[in-house]
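Below is one structure, written out as structure tokens, with a few remarks after it.
A short reminder: the numbers here are calculations on the coordinates, not readings from a lab. Given the structure is predicted, the values throughout are model-derived calculations rather than measurements. Virtual Cβ from ideal backbone geometry, glycine too; neighbours counted across all protein chains shown.
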């Protein structure tokens, strides 16, 4: 189908424009209209993404559904390949979930959903752009709506935290633009499909990886900040603590995924020699992020900070896999992206539901909920197990593929991954124990109702997706593996 | 037939879950017991006739690159034996569900408690069947995870109790660590061999190496080490004994199920995958096993909770099993575990039932329960005799006269004779004997140290199960293979008896005749086992360092350096920006201003790119 990717990308923005222009008033009806339109638009976007996914030819390693036209002297190109496909699925699946999680919101709902939909368009634009100019523009602009959502709807001087996060990204933006200019200058094109095929100079230099290293390092700052890679992660826990939990999900899952996409597209795809040379550095940072992220989450006292640290740890796990560079480790990235994204989103959703019932975000306010809220407790247990990587969930496949992919390259990385899985397990069960088990239900929970239909539906969809991917990982891997196999072959040739 | 076996177990579980509330709890418990019993019977018939056919359930499950597996039931000879043993244990546990509530201090069963326990029994046994008949690597790892998970669920069964969550967490984390270790070993082999069936995965040592912190590590050492660590975790060797200690909190019917089934799983791993173990691995396993048997004997003696004292003896028996494997005597290891397993099952069920009926688990508060719990007393005496290794030290025409523990201890001492393991095994036997007799003496002998509850009765079903188990303990010597005793060392068969007698004498002296001495010893010996105990281990070496690392390296470090600079900058800029924002908002210019900002950023980006 012609223009499928443009339809996919700009449907949320179109809905945002309709809201901005036509929706007036701030009464309950207006709020409901805004939410329903946002849910419809993001839901429709997801269905378009599913159509794209089903129509995607797994045997074709190149870009598909390509579009190209010249606008104001710039070439607008869109395309999707096995690398960007899982990101499209994750973004389009989680945006309706984010809208559903925000259903109880009553303050400036119209503006909230406008920024949320704009954010989705920016993310999809970054992931689907095949022109470096548009890629960089979408990539750098995507964080602004997310920070506005956090700053304007957060608590306790959230504006300062949002501003701080933006200040973090600014140097990265400048350096990424310089790196992009360098890439385009050397290859004499801004076409990403050409840039991926271009053999960038790896002539010997002072840095490991030769000439590619300069471009690699320039682009790395922006990507590392967005992915919340340790030690560039510090903006995320502070903001997660103050931002609404549903926005915390956007920051912790979608913004970090965007950073990871940048790492895969620019660093791994275009600069493999430098990536291979910097693999030990990446492994060290990723290992530190993974271990310290989970440990910090273990001692965190509120949901926002805790889940943000989980996101930091998950970034560590991803980057460890990228540094692995084998077929299975790339397959593991796809599964981990979806498994961790969906699981973390579900945990954020559960935190929103608990906050609504307990009017608190501190874990100490909860306890012994298994008796009072059995359905919520059952969902919580499932997602805690999914975080641990229980068999039957996508996390198990990701964990196995990770171990199988990393071990031939580095036992250290494999052991770090196993340690991460154990720490995640300890964290998940500690959370479950603190919130759900215990001798006595807190007084204010005695009259609280269990999950309603909307909440059950939201969580059930995430649960079904995790189980489907856990039992039938081939549904995604069959489509993504060929593209990653090509990248893995590049790495294998370098080693 | 394999599918029938799994089907019966899952049918029982499903029935327990879906008919809860609709059927009476007793009907559910007994129907499940019948179904699980049928499964056990089929497993025994299949084992004795070799008639369990393979069945492919899902194929392929995961297929990506070299990672491909199917879900299939393809049992080997020992796999079937272990399936049959596990299902028998499970059936006995399920029969005891009739007598719930069997959780300490509870006056009546909670709604659906029997159905929930029946469900968990069925699921645990299903995972056992899938694990012992695994041909796919992923299948085996998944089954092992579920074994861990259902064991953890059983440990935390009474979720309202204070320690249930902690028990569940610790059991799962320790067992998952073992699963991860096995997964790492399997991953190395899987990658190197381009895929392999689980039952032949470790069959031959693997040449080649990988790197650990830049240092070359031989794959053979890595894969063998993975099997050893996984097996040690399942057997509950020190320091993985933590999960045994925690699983002691489980309801009485399950007390023997999870520890013994997982010990069987550990032994099965060593049996099936043991061909790949090098000399170094075997030595390590032997030393580790002997040290664990001694350490866990000491820890058991120091326990105040009667359930934990009994549970730790499973790990001590596991240590001796590891010693047998180290000496390449897998048949003896199996026989030893089977012989000791029956005694341990009797001990664990008896002790848990005693606690549940009497509501008291502190050994120093028990005592004098002989009259009120006559059947328990008799059963535990049989179990203690079996476990401690009492018997006639003079073989009659090649026949050892004694219970299973005596026969297996004699065989173990015969094979360790002349090796460095002999003395540690003797010490471990003395400690085991002392620990088990201490439990019996402190619980039943002398005068009651706390009032015996009024109107206590011993439920007939529990009594029957204990009776059958006691009978099996008496018959258990039959399945221990005779070891040829060297002419020069015919005295070996006297050693278990001496060890047992020392243990019995010490227990009787310290806890029946001169209890004051035990108290004085406890005062004199300053926290002897403290450094070995799990609370000190977890608190001192795991939980506190992790919390410190999280707080100091995580939170505090996060707020320093780059972050502090950015925060200061943000705080300085924020008022000015807020002021500008409020002016724009007040003048209804917000959309225009935002558009301008977005446009400017976009334009500058484009200009920079075009300029480049």
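Quick notes on this structure:
- Set against the 2.2 N^0.38 Å expectation for a compact globular protein, the protein assembly as shown has a Cα radius of gyration ratio of 1.00.
- Kirkwood radius and radius of gyration were both taken over the C-alpha atoms of segment B:214-273, and their ratio Rg/Rh is 1.13.
- For chain A, the longest principal axis of the C-alpha atoms and the axis of helix A:212-227 are separated by about 10°.
- Ordering A:109, B:439, A:221, A:50 by the number of other Cβ atoms within 10 Å of each residue's own Cβ, fewest first, gives A:50, A:221, A:109, B:439.
- The relative contact order of chain A, computed from alpha carbon pairs under 8 Å that lie at least 6 residues apart in sequence, is 15 percent.
- For segment B:326-386, averaging the sequence separation of C-alpha pairs within contact (under 8 Å, six or more residues apart) and dividing by the residue count gives a relative contact order of 48 percent.
- Per principal axis, descending, Cα span of segment B:289-395 in whole Å: 45, 30, 21
- Whole-Å semi-axes of segment A:289-436's equivalent ellipsoid (Cα gyration tensor): 29, 14, 12
- Ordering of B:445-454, B:9-18 by packing [mean C-beta count within 10 Å, highest first]: B:9-18, B:445-454
- The mean sequence separation of alpha-carbon pairs under 8 Å and at least six residues apart, normalised by the residue count of segment A:343-495, gives a relative contact order of 35 percent.
- Hypothetical label at residue B:328: residues of segment B:262-285 whose amide nitrogen lies under 18 Å (7 Å Cα-Cβ projection): B:270-285
- Alpha-carbon centroids, segment B:121-160 and segment B:11-26: separation in whole Å: 20
- Length released on extending from residue A:59 to residue A:450, taking residue separation times 0.36 nm less the Cα-Cα span: 136.1 nm
- Separation of the residue A:434 and residue B:553 label points, Cα + 7 Å toward Cβ, nm: 2.0
- Which of B:4, A:101, A:363 has the fewest Cβ neighbours within 10 Å, and the rest in rising order: B:4, A:363, A:101
- Within 10 Å of each Cβ in B:164-177, the average number of Cβ atoms from other chains: 5
- Peptide A:152-162 has a mean of 2 when you count, residue by residue, the C-beta atoms of other protein chains within 10 Å of its C-beta.
- Taking the number of Cβ atoms within 10 Å of each Cβ as an exposure proxy, the fewest-first ranking of A:42, B:24, B:135 is B:24, B:135, A:42.
- Per-residue packing, averaged as other Cβ atoms within 10 Å, sorts the ranges B:513-521, A:392-400, A:142-150 into the order A:392-400, A:142-150, B:513-521, beginning with the highest.
- Packing rank of A:324-337, B:276-289, where each peptide gets the mean count of other beta carbons within 10 Å, highest leading: A:324-337, B:276-289
- Förster radius 51 Å - calculated FRET efficiency between residue A:28 and residue A:74 (Cβ-Cβ, nearest 0.05): 0.70
- A simple spin-label model places pseudo-atoms 7 Å from Cα toward Cβ; at residue B:217 and residue A:40 they are separated by 5.8 nm.
- Theoretical gain in end-to-end length, residue B:4 to residue B:498 [0.36 nm per residue, Cα-Cα removed]: 173.0 nm
- Modelled FRET efficiency - R0 22 Å, residue B:24 with residue A:375, Cβ distances, 0.05 increments: 0.30
- Adding -39500 (n - 2.57) for every DSSP H run of four residues or longer, then dividing by how many residues chain A holds, sets the calculated 222 nm ellipticity at -24000 deg cm²/dmol.
- A full extension of the chain between residue B:490 and residue B:283 corresponds to an added length of 71.9 nm, given 0.36 nm per residue minus the alpha carbon distance.
- Mean projected area (nm²) of the alpha-carbon convex hull when segment A:68-111 is viewed from all directions: 5.2
- Efficiency of FRET between residue B:456 and residue B:304 - r from beta-carbon atoms, R0 30 angstrom, step 0.05: 0.85
- Per residue of peptide B:182-189, the mean number of Cβ atoms on other chains within 10 Å of the residue Cβ is 6.
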